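*Asks:* Provided herewith is a single structure, encoded as structure tokens, for subsequent inquiry.
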Amino acid sequence: MKHKDISDAVLVNRYINGDEQSLSILIYRHKQKIYSFIYSKVFDKDITEDIFQDAFIKVIKNLKLGKYNEEGKFLPWVMRISHNLVIDHFRKSNRMPKFDNSGDFNIFTVLGDPAMNAEKRLIKEQVDCDLRRLIEELPEDQKDVLIMRMYKEMSFKEISQQTDVSINTALGRMRYALINLRKIIEEKNIVLSN
Amino acid sequence: MAKLYSECPSKKDALLNPKEATIDFLLNYSKALSVIKCNDLKFEVLQN
């Protein structure tokens, strides 16, 4: 009698009675359907492989423990186990999302080390120092507004109250401060970048 | 109009199979697993 002619129910019974070869026939008979079913849900071969393995470990345990009621529905039973394991997988991955870095997208192109290295830190210090000196060259009223806005992070309302001028005047002084700074930078050919 | 060619489905299906190593593991696991019945209790034993 060829394997093809033996029903699942008979193979399951034989397996329960100790015939290991029957399990092999059952697995080879249904592996593609079960594997494809799992893959159609998770779209990842490694995860599919894991779930496929876990599903059959459950099948083996249940059969050996005599928990399986034979109703001639071996495949739907394995499918149900696989389906439940797929759900478990998604529950787990929702709780603990895993970043897959195997594709074209590389997270490190987006995430960088925010800490500057020694060279960049030195350049930044130099630029900050140069800028401070340039600001010192501005007229007093413009310099005050710029320092209050950029270094003390005050709002224009607060600046206007502090300097006893209207908000529009404070805005105008800030505008001229920036125009004049640009002029000085252009005149003196200063490079302020890091 | 350009012709549309889709990938041969049979080729794709052939890839959707578990690895031989997985099946071997399951068959070996099954051979190693035995259930011992003691009164109303059942114990799983994994032999190496």
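We did not get these values from a lab; they are worked out from the coordinates using the rules stated. All values reported here derive from a predicted model rather than from experimental measurement. When we count neighbours, we look across all protein chains shown, and the Cβ atoms used for this are built from the backbone with ideal geometry, even at glycine.
*Asks:* Under the definition of Cα pairs under 8 Å and six or more residues apart, what whole-number percent is the relative contact order of segment A:3-107?
*Replies:* On the way: 59 pairs, mean separation 30.9, N = 105.
Once divided by the residue count of segment A:3-107, the mean separation gives 29 percent.
*Asks:* How far is it, in nm, from the label point at A:Leu192 to the one at A:Leu171 when both lie 7 Å from their Cα along the line to the Cβ?
*Replies:* For A:Leu192 paired with A:Leu171, the spin-label model returns 2.3 nm.
*Asks:* How much net charge surrounds A:Arg132 when only other residues with a Cβ under 11 Å from its Cβ are counted (Lys, Arg +1; Asp, Glu -1)?
*Replies:* Taking every other residue near A:Arg132 into account, the sum is -3.
*Asks:* Something else: Can you tell me how much longer the chain between A:Gln162 and A:Phe90 gets when fully stretched, taken as 0.36 nm per residue apart minus their C-alpha distance, in nm with one decimal?
*Replies:* 20.1 nm
*Asks:* For Cα pairs less than 8 Å apart in space and 6+ apart in sequence, what is the mean separation divided by the residue count of chain A, i.e. the relative contact order in percent?
*Replies:* Value for chain A: 16 percent.
*Asks:* Once you have the Kirkwood Rh of segment A:118-187 from its Cα pairs, apply Stokes-Einstein at 10 °C and 1.306 mPa s and quote D in µm²/s. It would help to have the intermediate numbers written out before the result.
*Replies:* Numbers: Rh = 12.8 Å.
It comes out at roughly 124 µm²/s.
*Asks:* Using square roots of five times the C-alpha gyration tensor eigenvalues, list the equivalent-ellipsoid semi-axes of segment A:1-97 in whole Å, biggest first.
*Replies:* 27, 14, 10
*Asks:* Using only the alpha-carbon atoms of chain A, report the extent along each of the three principal axes, biggest first, to the nearest angstrom.
*Replies:* Ordered largest first, chain A gives principal extents of 103, 36, 23 Å.
*Asks:* Just tell me how shielded A:55-65 is by partners: mean number of partner chain Cβ atoms within 10 Å of each residue's Cβ, no decimals.
*Replies:* Average neighbour count from other chains, rounded to a whole number: 4.
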